[in-house]
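Shown next, in structure tokens, is the structure this report addresses.
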Amino acid sequence: MGVAAFLLALLQIVCPAFVALGAVRVAVGVGALVLAAGTRAAISGYHQDLVRIPMMILALLGASLNLFVIWQIRRLRSRPAAQWRVSPVTPEKLRSERLQIALALLTYLFLITESLTHLKLHHHL
């Protein structure tokens, strides 16, 4: 009875959380639509300071973390002490790791391109 009650309580907590996340997603979409429909000055100011720099930092940190984790996985997997307990890497897992590396490198490329373009157009980062 205790486990069933706990699971039911957990379900009652999780459902509103997902509904709230859906509402946040809608609010972000509506906010983007309102900003896109606004004037150039409003979009420019919003883009330059409030969203662009934190998103670039998050993208840089996320790509770096992703590359670090994949490097750690591969390093630990290749250690001699781990060879007896590590199963062979499946082609799907290897493809997934390669895709993640490519996406992280593509993120770096986009960050560099955006920074250089912004510097050329607006004369500041």
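Relative protection proxy for 82-95, 59-72, from highest mean packing down: 59-72, 82-95 (other beta-carbon atoms within 10 angstrom).
Distance between the pseudo-spin-label points of Leu65 and Ala102 (7 Å out from Cα toward the beta carbon): 2.4 nm.
For the range 105-119, 3J(HN,Hα) computed residue by residue from phi via the Karplus equation (6.51, -1.76, 1.60; θ = phi - 60°) reads 5, 5, 4, 4, 4, 5, 5, 5, 4, 5, 5, 5, 5, 5, 5 Hz, glycine and proline entered as x. The residues of the range 45-115 present an accessible area of 75 Å² per residue when probed at 1.4 Å with all protein chains retained.
Between Lys120 and Ile13, full extension at 0.36 nm per residue minus the direct alpha carbon distance yields a gain of 33.6 nm. Each residue of the range 82-87 was assigned a 3J(HN,Hα) from its phi angle through the Karplus curve 6.51 cos²θ - 1.76 cosθ + 1.60 (θ = phi - 60°); the sequence is 9, 5, 6, 10, 8, 6 Hz, with glycine and proline shown as x.
The values are calculated or read from the model by the stated rules, or taken from the named source; none is laboratory data. In this text the structure is predicted, and so the values were computed from the model without any measurement. With ideal geometry, Cβ positions are generated from the backbone for all residues, glycine too; neighbour counts draw on all protein chains shown. These accessible areas exclude ligands, DNA and RNA; they are computed on the full protein's heavy atoms, side chains included. Shrake-Rupley method; radii C 1.70, N 1.55, O 1.52, S 1.80 Å.
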